[in-house]
Amino acid sequence: MSAPGTTDITGARPVGAMLLAVCLLSTMDVVVKLLGGDHGIGQIVLLKSAASLPWVGLWWLLRPERSTWRLARPGAHLLRGVLLAIAGFGFFTAFTLLPLAEAYAILFTAPIVTVLLAWALMGERPGKGAGIALSAGFLGVLVVASPGLMVQDGQGHGPLTGYVAALIGTVGYAGVIVTTRKLAPSEGIGALALSANLVAGTVAIPVALIDWTPVSTTQLAGYLVVAGLSVSGIALISWALARVEVQRVAPLEYTAFAWAVLYDWAIWRTTPGLASILGAAIIVSACLWLETRRAAGQRRAAG
């Protein structure tokens, strides 16, 4: 039991770290959206991955211990890097075609998709509520997508393309989460960061070369900012999860919707419609309900 007067402090710091991490990662997505008008998606994924390497190198200088860089399962690292590339292609495409709030609403289905992938890849049997949560999450996606579902520009670009890209990105992101859980017990955290960026960047090279455009010094600085925000956000999340239970801080990821609404209004002067707000509410409620059932099941199993 914590000493009197210390519980709130030790609990508040991980919560604060998680809130700051969500802010940093949301800001990263804004910078990616701004850069998306200048470069193709493959080039964005490649440059982001390449720009992450100096930050990983700094990490190596600060934490050179062998345990931090242990790499025992290269095949699983390869799969995780490919999934990260898929997530990047999907999300960055969605960010260029959709308001951030709409893209985030679809991203919020990731916990449900993660449960299904954990079942398929790791044999983790989903609870009885998984099917209900999946159905509710899919309903939420349809609600978000409904206003602009049929609005296309004749060249395959428009809301429908953005929604499909967001779903593909969500599946890739959920796959990264599952493979990270599988690798975490045996692999160093530094090795996870290095291998993911090397593989994702390598996968992006052929696509990037198809439509490569020159990169200015200012744009290169933008990619370094993107990489720094990404590394910092992930580090804060890891720090928070090491100190409190997942269910204490995981729901805080949904504060990203507030940042998305703020950035959409401040930069692009757009606001979410009723469908986006209602759909996001359905998706978040389904994920929180699923997490609540999962935590209750764990408590019953423990005792």
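Observations on the structure shown:
- Helices (runs of 4 or more DSSP H) (entirely within the range 170-256) containing at least 3 residues that are surrounded by fewer than 18 Cβ atoms within 10 Å (Cβ to Cβ) and modelled with pLDDT of 90 or more: 189-210, 217-241
- Residues (closer than 24 Å to Ala191 by Cβ and of a type in the set (S, T, N, Q)) located in the range 205-259: Ser230, Ser232, Ser238
- Identity of the residue in the range 59-73, of a type outside the set (Lys, Arg) and touching a helix residue (DSSP H, G or I) at 6+ places or on another chain (Cβ under 8 Å), that ends up modelled with the lowest pLDDT: Thr68
- Unmet requirement for Ser52, which otherwise passes all of (1) surrounded by fewer than 23 Cβ atoms within 10 Å (Cβ to Cβ); (2) closer than 15 Å to Val226 by Cβ: (1)
- Hits in the range 84-99 (condition: open to solvent by less than 10 Å² (accessible area, probe 1.4 Å) and either closer than 9 Å to Ala166 by Cβ or among the basic types (Lys, Arg) (or both)): Gly90, Ala94, Phe95, Leu98
- Boolean, Met18 is under 28 Å from Leu117 (Cβ atoms) and modelled with pLDDT of 90 or more: no
- Subset of the range 74-83 [of a type in the set (A, V, I, L, M) and open to solvent by less than 40 Å² (accessible area, probe 1.4 Å)]: Ala76, Leu83
- Top-ranked residue in the range 29-58 [being over 30 Å from Phe257 (Cβ atoms) and not aliphatic (A, V, I, L, M); ranked as modelled with the highest pLDDT]: Pro54
- Verdict on Leu84 being farther than 23 Å from Gly42 by Cβ, in contact (Cβ under 8 Å) with a residue 12 or more places away in the chain and not in a loop (DSSP other than H, G, I, E, B): no
- Residue check for Ala120: farther than 12 Å from Ser285 by Cα, open to solvent by 30 Å² or more (accessible area, probe 1.4 Å) and small (Gly, Ala, Ser): yes
- Annotation: Arg70 fulfils all but one of (1) open to solvent by 50 Å² or more (accessible area, probe 1.4 Å); (2) basic (Lys, Arg); (3) within 23 Å of Leu229 (Cβ to Cβ); the unmet one is (3).
- Yes/no for Arg13 being more than 25 Å from Glu187 (Cα to Cα), in contact with a Lys or Arg (Cβ under 9 Å, 6 or more places away or on another chain), in contact (Cβ under 8 Å) with a residue 40 or more places away in the chain and surrounded by fewer than 20 Cβ atoms within 10 Å (Cβ to Cβ): yes
The values are calculated or read from the model by the stated rules, or taken from the named source; none is laboratory data. This structure is a prediction, so every number in the text was calculated from the model and none was measured. All Cβ positions, even for glycine, are placed from backbone atoms using ideal geometry, and neighbour counts span all protein chains on display. These area figures cover heavy atoms from the full protein model, side chains too; ligands, DNA and RNA do not enter into them. Shrake-Rupley method; radii C 1.70, N 1.55, O 1.52, S 1.80 Å.
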